[in-house]
Amino acid sequence: MSSGVESGLGGRQQLLHSQEPRAPGGRSRRSRGPDPVSAARTLRPMRIGIVGLGYVGLPLAVAFGDAGHAVVGYDTSGPRVERLSRGESDIEDVPSERLAALGDSFTASTDAEGLARCDAVLICVPTPLANEREPDLSYITGAARTLAGVIREGQTVVLESTTYPGTTRDHLRPLLEESGLRAGADFHLAYSPERIDPGRADHTVANTPKVVGGITAACADSAAEVYGEICDEVVQVSSPEAAELTKLLENIFRSVNIALVNELAQLTDRLGIDIWEVVDAAATKPFGFMRFEPGPGMGGHCLPVDPFYLAFKAREHDFYTEFVELAGKINQAQPLFCVRKIERALNEVGKPVNGSKILLIGVSYKPGVADLREAPSLKIIRHLRELEADVGYHDPLVPELAEQGLSSQPLPEAVPEADLVAIVTPHPGIDVDDLLRRSQLLVDFRGVTRGVEAPNLVRL
Ligand SMILES: NC(=O)c1ccc[n+]([C@@H]2O[C@H](COP(=O)([O-])OP(=O)(O)OC[C@H]3O[C@@H](n4cnc5c(N)ncnc54)[C@H](O)[C@@H]3O)[C@@H](O)[C@H]2O)c1
């Protein structure tokens, strides 16, 4: 295979033969603006392939489309591809109108052929846990095998899925090289973690700095050039491993701090102190403190999952990430603490859980999104049902919980009928005052009633 081919990016002749890694700890920043990157964009728009069009892939696809590039989406889910091809988005952060406005510059397909014509291909497939809570890289493997069948010289391939350090180099690279092409010589290979926070409007793909680490310095430069098209700032680190661990550090930082306030919430429950008042007061410190909120437990595809990726990698090196695992343990137990809180609240008014009508408000894992992955509400429902409670829910974003055989109930009827109403995920628009007025007993796991005292109100 020849080395020193054109990258095809932005029409610039970028040679691939540089295999020199960036100096350890080396880091560079580049900004979007009136620089050669923007100039290249004007000369020749790129064709970007996105593998996996979910919470991460679709916003990226739209960002590149909005920036004037052609986007080729590839997803194994037929129904999702059909919806997207009709211009219908199922991701809250991407309104259908925005997707439809891209017109022919965005295509979605279950056929990977179109990826062959792309300048860059970004892999955004799931990285869940297997049964023993070990990393499940099967989606990355599947995507890599498919890509190996269509990859072309000069392309830039970037893995975005959250994973443990070494995945890009040791797992993805050999699979892609089954194509006969060599990473760093015939095609660029890099890792760049996605930092999107679904439902968030203040930090977007554009204004959230993008971390990039390449197999070689040229790989990192090439990936940085791609992201420079849609991100105001790209931060280069010395290797894919550094970039992979950066993402895990960010998520584990959150997981550990959430565990800390959740543990404190369990303690303040015994001490008779209001945890929300304490968090609010601590947050007045202008330095050295960062606010984290307690709640019903961690959910989503990232925080409950990612620490296990690091723990797995650490075990391979005879190292136990005790701190990280302890945080996971505390957070996983939090829904059970919530169930006990419900039990005690009912007990106070002389009712058993058995046979009581309990209405959960919000079942997705966070306000404003419909995502149910690892949602603590599901654990709460399971445990309450084990105690023979009659559980229902209201969630405007989740019309059905098919596995539980439940549908979202209309608030006006369901609230007064319930023996206990529990706020698990307060979506925007939920009228908390009205809930408190009409509930026989209201339990608030999110602190949305902070500062309010009422005989029918119990707060985490
Ligand atoms: N959701 C988030 O908030 C978030 C934030 C940062 C990082 N991440 C990470 O990004 C990755 C993707 O997460 P997501 O939330 O977008 O997942 P998702 O489930 O919303 O989307 C993944 C998509 O990939 C498709 N897919 C699966 N296997 C495929 C294959 N072999 N080829 C092509 N498509 C395939 C699925 O059909 C699905 O549409 C994960 O590693 C996750 O940890 C997620």
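Per-residue ellipticity at 222 nm computed for the chain from its helices equals -10500 deg cm²/dmol, with DSSP H segments shorter than 4 residues left out and the rest contributing -39,500 (n - 2.57).
Each peptide among 141-149, 266-274, 85-93, 207-215 gets the average number of other Cβ atoms lying within 10 Å of its residues, and from highest to lowest they stand as 207-215, 141-149, 85-93, 266-274. Relative to the current alpha-carbon distance between residue 293 and residue 404, full extension at 0.36 nm per residue lengthens the span by 37.1 nm. Shown in residue order for region 372-385 are the 3J(HN,Hα) couplings computed by the Karplus curve 6.51 cos²θ - 1.76 cosθ + 1.60 at θ = phi - 60°: 9, 4, 6, 5, x, 4, 5, 5, 4, 4, 4, 5, 5, 5 Hz (x for Gly and Pro). Given R₀ = 41 Å, FRET efficiency for residue 437-residue 116 by Cβ-Cβ distance, to 0.05? Once the sixth-power term is evaluated, E becomes 0.10. Taking other residues whose beta carbon is less than 14 angstrom from the beta carbon of residue 392, and scoring Lys, Arg as +1 and Asp, Glu as -1, yields -4. The modelled label-to-label distance for the pair residue 456/residue 333, using points 7 Å beyond Cα in the direction of Cβ, is 3.4 nm.
The order of 445, 289, 319 by accessible area, most exposed first and with a 1.4 Å probe, is 319, 289, 445. Treating r as the C-beta distance of residue 101 and residue 382 and R0 as 56 Å, the FRET efficiency rounds to 0.85. If you bin all the Cα-Cα distances of region 298-397 at 10 Å, starting from zero, the percentages per bin are 15, 36, 29, 15, 5, 0. The listed peptides 187-200, 368-381, ordered by packing as a protection proxy, come out as 187-200, 368-381 (highest mean of other Cβ atoms within 10 Å first). When the solvent-accessible area of the chain is split by element, carbon and sulfur atoms take up 53 percent of it, the probe being 1.4 Å.
Simple point charges give the picture: +1 on the Cβ of Lys and Arg, -1 on the Cβ of Asp and Glu, and for region 46-156 a dipole about the Cα centre of about 240 debye. Per-residue 3J(HN,Hα) values for region 155-170, derived from phi via the Karplus relation 6.51 cos²θ - 1.76 cosθ + 1.60 with θ = phi - 60°, read 6, 10, 10, 10, 8, 10, 4, 5, 6, 7, x, x, 4, 5, 6, 8 Hz in sequence order (x marks Gly and Pro).
Here the gap between residue 88 and residue 417, fully extended at 0.36 nm per residue and compared with their Cα-Cα distance, gives a gain of 114.8 nm. Semi-axes of the equivalent ellipsoid for region 119-250, computed as √(5λ) from the eigenvalues of its C-alpha gyration tensor and ordered from largest down, come to 22, 19, 13 Å. Computed from the alpha carbon positions, the gyration tensor of region 246-291 leads to an equivalent ellipsoid with semi-axes of 22, 15, 5 Å, biggest first. Summarising the label geometry, the points placed 7 Å from Cα in the beta-carbon direction at residue 344 and residue 141 lie 4.6 nm from one another.
Excluding residue 458 itself, calculate the net charge of residues whose Cβ lies under 9 Å from the Cβ of residue 458, where each Lys or Arg counts +1 and each Asp or Glu counts -1. In short, +1.
For the chain, a crude dipole built from +1 on the beta carbon of Lys and Arg and -1 on the beta carbon of Asp and Glu, taken about the Cα centre, is about 640 debye to the nearest 20. Overall shape of region 272-357 was characterised from the C-alpha gyration tensor. The equivalent ellipsoid obtained from it has semi-axes of 31, 23, 10 Å, in decreasing order. With a Förster radius of 30 Å applied to the C-beta separation of residue 280 and residue 204, the computed FRET efficiency comes to 0.60.
Sum up the charges of everything whose Cβ sits under 15 Å from the Cβ of residue 420, counting Lys and Arg as +1 and Asp and Glu as -1, but leave residue 420 out.
Its environment carries a net charge of +1.
Solvent-accessible surface of region 314-455, taken per residue with a 1.4 Å probe and all protein chains present: 49 Å². Mean projected area of the convex hull spanned by the Cα atoms of the chain, taken over all viewing directions: 23.3 nm². Restricting the calculation to Cα atoms, region 49-178 shows an Rg/Rh of 0.97 when the hydrodynamic-style radius is the Kirkwood one.
For residue 50, the residues whose modelled amide H falls within less than 5 Å of its own, excluding neighbours fewer than 5 places apart on the same chain, are 72, 73, 74, 122.
Calculation over all alpha carbon pairs of region 345-460 in 10 angstrom steps from 0 returns a P(r) of 14, 51, 32, 3 percent.
The values are calculated or read from the model by the stated rules, or taken from the named source; none is laboratory data. Quick caveat, the model's predicted, so the values are computed rather than measured. Because the Cβ atoms are built from the backbone with ideal geometry, glycine has one as well, and the counts that use them run over all protein chains shown. Keep in mind that these areas ignore ligands, DNA and RNA; they rest on the heavy atoms of the full protein, side chains included. Shrake-Rupley method; radii C 1.70, N 1.55, O 1.52, S 1.80 Å.
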